[in-house]
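S.K.: Have a look at the structure that comes next, please.
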2 protein chains.
Amino acid sequence: MTKQVQFWFDFASTYSYLSAVRIEQAARQKGVAVSWQPFLLGPIFAAQGWDSSPFRLYPAKGRYMWRDMERICADRGLAFQRQQIFPQSSLTAARIGLALDDMGQRAAFARAVFAAEFGDGRDISDPEVLAECLAACDAPVAFLDRAQDPDIKAALFDQVDRAKSLGIFGAPSFVAGTELFWGDDRLDAALDWATQI
Amino acid sequence: MTKQVQFWFDFASTYSYLSAVRIEQAARQKGVAVSWQPFLLGPIFAAQGWDSSPFRLYPAKGRYMWRDMERICADRGLAFQRQQIFPQSSLTAARIGLALDDMGQRAAFARAVFAAEFGDGRDISDPEVLAECLAACDAPVAFLDRAQDPDIKAALFDQVDRAKSLGIFGAPSFVAGTELFWGDDRLDAALDWATQI
């Protein structure tokens, strides 16, 4: 299986949750491999003058997003809780995700984090929650400490730069060949593109 | 046919074009009537501190939008030209659209304007172009002058206030009952909602 799509996500992103829970099955059906790419939207938003999520900066857009997510999750039978704190700090989760070299383990960790956050309403900056997510994907709890290693911190900086150079401005984003697709609504289009290159 | 969806659009909005060309057929198949509601995004963007389209203010988002539109239009067999001027001034077109009381005529006018603009790359603030669009929907060319009437100008102000009060922050938007849906990607969801209330 050489056809591939890159799945760029931020652990604090509601719509990334939607894609995280369905991308593997959707990709498998089309013979496409998924490369999970955690990154941070914060520095990308900051570069365009936003000091928080657009869903906080623009209240009408924020109100809409929560209702839109509720409707979609109800349709798809997905657990969903409106967050007390939004956006959550996704820094440590992103570092751990990046530190997990094994793509299967990284994907399982990501799904566990998203489920804890948006399904169960838990705080994904809490080391205990992250330890449970590591356990859920059979990864050593030592990866919690890896998040503090300078090389992992540097790797996440590089990852954000890579996202910027790909033209990424939001999450989830998908890259198939040289084509960028933005939003859970474009997942199928991205997979179709990947099958045709 | 009492089930209805409101279709809120700005004539300068690329994604509104996508919905304008397909909403009537999609709605008819589900037994839903469409209420065409032209408005202006400018005052809504201004209220959140933007002095232009987000596609101009945020270049990465803008570059993406044009490519996304190209791909979607190619998929759907729709003519599409990148615009020399973007966003175009949609003020006169919106006033004329609002002045056309007959919903069938308003819809036909809107489709003609969108086709001239995004299909043929023409300037929709040009009275000659608007006159052709009026002719295309069998409406008197006198509607060009109606756009200057104080009552129509006031009606468009009210229309933008109505959009704000509905929580609208972008276009296209759809309202079914008390539910708001944003984006051409939500057209089917909006129609489904309309059938269930």
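The values are calculated or read from the model by the stated rules, or taken from the named source; none is laboratory data. Only a predicted model underlies this, so the values are computations on that prediction, with no experimental measurement involved. Backbone-built Cβ (ideal geometry, glycine too); neighbour counts: all protein chains shown.
S.K.: In region A:53-67, is there at least one residue being of a type in the set (A, V, I, L, M) and part of a loop (DSSP other than H, G, I, E, B)?
M.R.: There is no residue in region A:53-67 that is of a type in the set (A, V, I, L, M) and part of a loop (DSSP other than H, G, I, E, B).
S.K.: A further question follows. Quick one: would you say B:Gln81 is more than 14 Å from chain A (Cβ to nearest Cβ) and either surrounded by 16 or more Cβ atoms within 10 Å (Cβ to Cβ) or part of a helix (DSSP H, G or I) (or both)?
M.R.: Against the criterion (more than 14 Å from chain A (Cβ to nearest Cβ) and either surrounded by 16 or more Cβ atoms within 10 Å (Cβ to Cβ) or part of a helix (DSSP H, G or I) (or both)), B:Gln81 does not qualify.
S.K.: Would you say B:Lys153 is within 14 Å of chain A (Cβ to nearest Cβ), surrounded by fewer than 16 Cβ atoms within 10 Å (Cβ to Cβ) and either over 18 Å from B:Ala46 (Cα atoms) or modelled with pLDDT of 95 or more (or both)?
M.R.: no
S.K.: Does B:Ala27 count as surrounded by 18 or more Cβ atoms within 10 Å (Cβ to Cβ), of a type in the set (Gly, Ala, Ser), assigned to a helix (DSSP H, G or I) and without any contact (Cβ under 8 Å) to a residue 12 or more places away in the chain?
M.R.: For B:Ala27, the condition - surrounded by 18 or more Cβ atoms within 10 Å (Cβ to Cβ), of a type in the set (Gly, Ala, Ser), assigned to a helix (DSSP H, G or I) and without any contact (Cβ under 8 Å) to a residue 12 or more places away in the chain - is not met.
S.K.: Separate question: Do we find that B:Arg111 is modelled with pLDDT of 95 or more, surrounded by 16 or more Cβ atoms within 10 Å (Cβ to Cβ) and among the basic types (Lys, Arg) in this structure?
M.R.: Judged against the criteria, B:Arg111 is a match.
S.K.: OK, next. Identify, please: which residue in region B:55-78 is within 12 Å of chain A (Cβ to nearest Cβ), buried (at least 17 other Cβ atoms within 10 Å of the Cβ) and of a type outside the set (Ser, Thr, Tyr) and is, among those, farthest from A:Leu166 (Cα to Cα)?
M.R.: For region B:55-78, the residue satisfying everything is B:Ile72.
S.K.: Moving on to the next point. Got a sec? Which of A:Ala176, A:Ala163, A:Ala171 is hydrophobic (A, V, I, L, M, F, W, C) and more than 15 Å from the chain's Cα centre (by Cα)?
M.R.: Within the list A:Ala176, A:Ala163, A:Ala171, the selection yields A:Ala176.
S.K.: Looking at A:Ala131, A:Ala135, A:Ala93, which is the one that is surrounded by fewer than 19 Cβ atoms within 10 Å (Cβ to Cβ), modelled with pLDDT of 95 or more and touching a Leu at 6+ places or on another chain (Cβ under 7 Å)?
M.R.: That would be A:Ala131, the only listed residue that is surrounded by fewer than 19 Cβ atoms within 10 Å (Cβ to Cβ), modelled with pLDDT of 95 or more and touching a Leu at 6+ places or on another chain (Cβ under 7 Å).
S.K.: From the set of residues in region B:1-47 that are of a type in the set (Ser, Thr, Tyr) and under 22 Å from B:Asp101 (Cβ atoms), which is farthest from the chain's Cα centre (by Cα)?
M.R.: B:Thr2
S.K.: Mind listing just one residue for me: the one in region B:161-184 that is part of a helix (DSSP H, G or I) and within 11 Å of chain A (Cβ to nearest Cβ) and, of those, surrounded by the fewest Cβ atoms within 10 Å (Cβ to Cβ)?
M.R.: Looking at the filtered set, the residue picked out is B:Ser165.
S.K.: Identify all residues within region A:42-52 that are away from every other protein chain (no Cβ under 12 Å) and either modelled with pLDDT of 90 or more or part of a helix (DSSP H, G or I) (or both); write none if there are none.
M.R.: A:Gly42, A:Pro43, A:Ala46
S.K.: So which residues in region B:1-24 are at pLDDT 95 or above and assigned to a loop (DSSP other than H, G, I, E, B)?
M.R.: B:Lys3, B:Asp10, B:Phe11, B:Ala12, B:Ser13, B:Val21, B:Arg22
S.K.: Select from region B:90-115 the residues that are part of a loop (DSSP other than H, G, I, E, B) and in contact with a Gly (Cβ under 9 Å, 6 or more places away or on another chain) and list them in ascending order.
M.R.: Listed by number, the list holds a single entry, B:Ser90.
S.K.: Going through region B:116-129 one residue at a time, which ones are in a helix (DSSP H, G or I), closer than 17 Å to B:Ala20 by Cα and charged (D, E, K, R)?
M.R.: The answer is B:Glu117, and nothing else.
S.K.: Return the total of residues in region A:185-197 being more than 12 Å from chain B (Cβ to nearest Cβ) and either under 13 Å from the mean Cα position of the chain (by Cα) or of a type in the set (A, V, I, L, M, F, W, C) (or both).
M.R.: 3
S.K.: From the list B:Leu191, B:Leu187, B:Leu156, which one is under 16 Å from B:Leu91 (Cβ atoms) and in a helix (DSSP H, G or I)?
M.R.: None of the others qualify; the one that does is B:Leu156.
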